[in-house]
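Working notes, beginning with the structure itself.
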Amino acid sequence: MNELDQLVSSAQADFDAAPTPAELENAKARFLGKAGRVTELLKALGTLPVEQKKARGAEINQAKARIEAGLQACREALAQAELEAQLRAEALDVTLPGRLRGTGGMHPVSRTMERIEAIFASMGFDVAEGPEIETDWMSFTALNNPENHPARSMQDTFYVDMKDAQGRWLNLRPHTSPMQVRYARMHAARHAGKHPMPEIRVIAPGRVFRVDSDATHSPMFHQIEGLWLGANIAFKDLKVVFASLVREFFETDDFDVRFRPSFFPFTEPSAEIDIRFGSGPLAGRWLEVAGSGQVHPNVVRNFGLDPEQQIGFAFGIGADRFAMLRYGIDDLRLMFDGDLRFLKQFN
Ligand code: PHE
């Protein structure tokens with residue numbers, strides 16, 4: 001190998017070894033730059049005798065052309081490698097299976113509440129919602145349940161570390177009954193001075209909270225409050241309303257409804273409502289599903305209404321209880337564990 005061939009191959013070796021375009025350009029400078037080795041050789045031509053110059057010049061230029069070709073090839077290879085690396089970094093694997101979008105579904109309690117709301121709506125009841133954090137007056141006092149009265153301990157209430165304008169601790173409502181007060185007061189204000197005052201017929205579904213936890217009690221559960229108040233609304237109307245609800249909700253005529261005497265400060269007389277199916281898996285057992293009673297005159301007064309003019313009943317339905325009976329669920333806690341294996345069965 002002559003001296004020029006060696007020069008070409010050492011240039012090629014340097015070019016091949018250059019890992020980046022910048023280093024390739026440095027290698028180029030060593031051979032083709034102003035002080036590069038090829039340039040030196042060309043400069044040295046001047047010292048040669050005239051008759052050698054032409055042949056030597058041609059040889060050097062040939063070597064230079066080969067070096068430049070090698071350089072160009074390396075530049076392209078590096079650019080190609082760079083492009084490929086970039087494409088690889090941004091690659092989308094179109095063969096990956098897609099992520100399924102979950103379709104979601106309705107919770108059995110939500111289904112139950114919607115069903116009950118629709119049934120009451122068909123009987124002319126308005127549907128109202130209200131706050132879960134309540135004042136002491138709304139949850140208790142307005143409902144004829146004064147401070148220090150033993151009936152307050154019927155519910156072991158959660159309190160919120162915050163006081164209302166009267167300086168009383170706020171509570172997580174232990175029942176939906178405050179909605180009787182909120183709705184009736186709104187109604188009384190809206191229809192003030194009207195004779196006769198239009199009837200109140202409303203249900204109020206929602207979450208309620210009590211310090212309680214076992215197979216049949218959860219610290220958070222659901223009630224549907226009901227209130228029907230007018231000039232002449234009586235217990236017999238409650239019985240009709242309730243029997244209609246049970247008939248439509250459970251899609252059967254084969255049941256009995258029983259009013260069992262009880263006590264609530266806000267109703268007098270008061271009753272627990274029990275139902276008993278004549279057939280099916282629960283046949284023959286009395287099941288408690290609601291509290292109820294004729295609205296107490298003190299409560300009607302707190303509604304801003306005249307208990308001599310307005311009479312009627314209220315009830316509080318255990319919505320989770322209805323869901324459990326309908327779907328045959330025996331542990332209330334299953335409803336609130338959020339276990340998809342359980343919840344998927346209802347969708
Ligand atoms: N608020 C009562 C409870 O939670 C239920 C009830 C509502 C009773 C309305 C009578 C009238 O136990």
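Any read-out appearing in this document is the output of simple, stated calculations on the displayed coordinates, not a laboratory observation. Keep in mind that what you see is a predicted model, and the values were worked out from it rather than measured. Quick reminder, even Gly has a Cβ in these numbers, built from the backbone with ideal geometry, and neighbours come from all protein chains shown.
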Enter the angle in degrees (range 0 to 90, nearest 10) between the Cα long axis of helix 108-122 and the first principal axis of the Cα atoms of the chain, meaning the one along which they spread out most. 50 degrees
Please tell me the relative contact order of region 202-277 in percent, rounded to the nearest whole number, where contacts are Cα pairs under 8 Å and at least six residues apart. 19 percent
How would region 28-131 be classified by its alpha-carbon gyration tensor: rounded, prolate or oblate, with rounded meaning a/c under 1.5 and the a/b versus b/c comparison settling the rest? prolate
3J(HN,Hα) from dihedral phi, region 41-56, Karplus parametrisation 6.51/-1.76/1.60, rounded to Hz, x for glycine, proline: 4, 5, 4, 5, 3, x, 7, 7, x, 3, 5, 8, 3, 4, 5, 5
Just want the answer: with Cβ charges of +1 for Lys and Arg and -1 for Asp and Glu, which residue in 74, 205, 313 is farthest toward the dipole's positive end in the chain? 74
Apply the Karplus curve 6.51 cos²θ - 1.76 cosθ + 1.60, θ = phi - 60°, to the phi angles in region 257-270 and return the couplings in whole Hz, x for Gly and Pro. 10, 10, 9, 10, x, 8, 9, 9, x, 8, 9, 7, x, 10
Using a/c under 1.5 as the rounded threshold, could you call region 108-346 rounded, prolate or oblate? The axes a ≥ b ≥ c are square roots of the C-alpha gyration tensor eigenvalues, and prolate needs a/b larger than b/c, oblate otherwise. oblate
Quick one: among 52, 294, 309, which has the greatest mean-square fluctuation in a GNM of the chain with alpha-carbon springs under 10 angstrom? 52
Expressed as a rounded percentage, what relative contact order does the chain have, with Cα pairs under 8 Å and six or more residues apart? 15 percent
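Counting only trypsin sites (Lys or Arg not before Pro) that sit in a DSSP loop (anything but H, G, I, E, B) with at most 14 other Cβ atoms within 10 Å, what is the longest stretch of the chain containing none of them?
102-193
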What list of ³J(HN,Hα) values in whole Hz, one per residue of region 11-17 in order, does the Karplus curve 6.51 cos²θ - 1.76 cosθ + 1.60 (θ = phi - 60°) give from phi, with Gly and Pro shown as x? 5, 4, 5, 5, 4, 4, 7
What GluC sites (Glu not before Pro) in region 234-317 are in a loop by DSSP, with at most 15 other Cβ atoms within 10 Å of the Cβ? 251, 308
Within 9 Å, Cβ to Cβ, of residue 260, how many net charges do the neighbouring residues add up to if Lys/Arg are +1 and Asp/Glu are -1? -2
Skipping prolines and chain starts, which residues have an amide H placed within reach, meaning under 5 Å, of the one on residue 262, given they are 5 or more residues away or on another chain? 270, 271, 272
With a 10 Å Cβ neighbour count serving as the proxy for reagent exposure, in which order, fewest first, do 109, 160, 208 appear? 160, 109, 208
At q = 0.11, 0.22, 0.23, 0.25 Å⁻¹, the log10 of I(q)/I(0) for region 3-89 from a Debye sum over equal Cα scatterers comes to -0.36, -1.00, -1.06, -1.18
For the Cα atoms of the chain, what angle does the longest principal axis make with the long axis of helix 178-190, in degrees from 0 to 90, nearest 10? 80 degrees
In whole Å, what is the distance between the alpha-carbon centres of region 156-191 and region 205-272? 20 Å
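Can you compute the helix-only [θ] at 222 nm over the chain? Use -39500 (n - 2.57) per DSSP H run of at least 4 residues, normalise by all residues, nearest 500 deg cm²/dmol.
-13000 deg cm²/dmol
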Report the Cα centroid-to-centroid distance between region 100-143 and region 1-75 in angstrom, as an integer. 88 Å
